[in-house]
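Everything below concerns the one structure shown next.
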Amino acid sequence: MTPADLKYLKSHEWVGTHEGKTRIGITDFAVDQLGDLVFVDLPAPGTKVTAGETFGEVESVKAVSDLYSPVSGTVVASNSGLADDTSPLADDPFGTGWMLEIEPSDPAEADALLDRSAYEAHCRSEG
């Protein structure tokens with residue numbers, strides 16, 4: 001189920017706040033579409049990310065897909081455990097499967113993103 005307290009990109013990334021930190025990840029819809037995930041490439045802490053631009057990639061047995069940042073800011077933590085074990089992405093994409101924690105440069109950027117109902121409508125249109 002898509003959490004209501006997050007914001008979403010049409011490319012299936014999410015952004016939200018967890019324990020006062022801004023977290024980014026991919027949705028369960030993205031994981032389902034990609035299939036078996038085998039590798040995740042994430043930026044190191046200190047890297048600057050820009051809203052709408054790529055910050056890494058995820059590889060499945062089907063394809064390699066770029067990851068897009070929902071907001072701009074500086075990476076303060078990457079979920080480095082995903083490099084060795086991608087299962088949290090499938091098991092808990094909105095929790096233990098988070099990818100980045102960032103210090104946003106403009107927290108209001110998230111206001112322009114899709115809410116849950118708009119994101120779910122987008123997913124239905126993609127089939």
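Scan the strands (runs of 3 or more DSSP E) fully inside region 1-119 and keep the ones with 3 or more residues being in contact (Cβ under 8 Å) with a residue 60 or more places away in the chain. Let's see the steps before the verdict.
Numbers: elements: 13-18, 21-26, 37-41, 54-60, 64-68, 73-78, 100-104.
Here the list reads 13-18, 21-26, 100-104.
Out of the residues in region 50-68 that are out of contact with any Gly (no Cβ under 7 Å at 6 or more places or on another chain) and within 17 Å of residue 110 (Cα to Cα), which is surrounded by the fewest Cβ atoms within 10 Å (Cβ to Cβ)?
Of all residues in region 50-68, those out of contact with any Gly (no Cβ under 7 Å at 6 or more places or on another chain) come to 50-59, 63-66.
In the following step, the residues that additionally are within 17 Å of residue 110 (Cα to Cα) were identified as 50-55.
Values: 50: 13, 51: 19, 52: 13, 53: 11, 54: 14, 55: 23.
Going through the qualifying residues, I end up with 53.
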- Task: Consider residue 86 carefully, then state whether it is hydroxyl-bearing (Ser, Thr, Tyr), in contact with an Asp or Glu (Cβ under 6 Å, 6 or more places away or on another chain) and either more than 17 Å from residue 6 (Cβ to Cβ) or surrounded by fewer than 15 Cβ atoms within 10 Å (Cβ to Cβ) (or both).
- Result: no
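Could you run through region 89-112 and say how many residues are more than 14 Å from residue 26 (Cβ to Cβ) and either of a type outside the set (Asp, Glu) or buried (at least 18 other Cβ atoms within 10 Å of the Cβ) (or both)? Spell out how you get there, then give the answer.
Of region 89-112, the ones more than 14 Å from residue 26 (Cβ to Cβ) are 101-112.
Adding the requirement that they be either of a type outside the set (Asp, Glu) or buried (at least 18 other Cβ atoms within 10 Å of the Cβ) (or both) leaves 101-102, 104-105, 107-110, 112.
Result for region 89-112: 9.
Rule-based calculations on the coordinates, nothing more; no lab input. These numbers were taken from a predicted model, which means no experiment stands behind them. Note: ideal-geometry Cβ built from the backbone for every residue, glycine included; neighbour counts use all protein chains shown.
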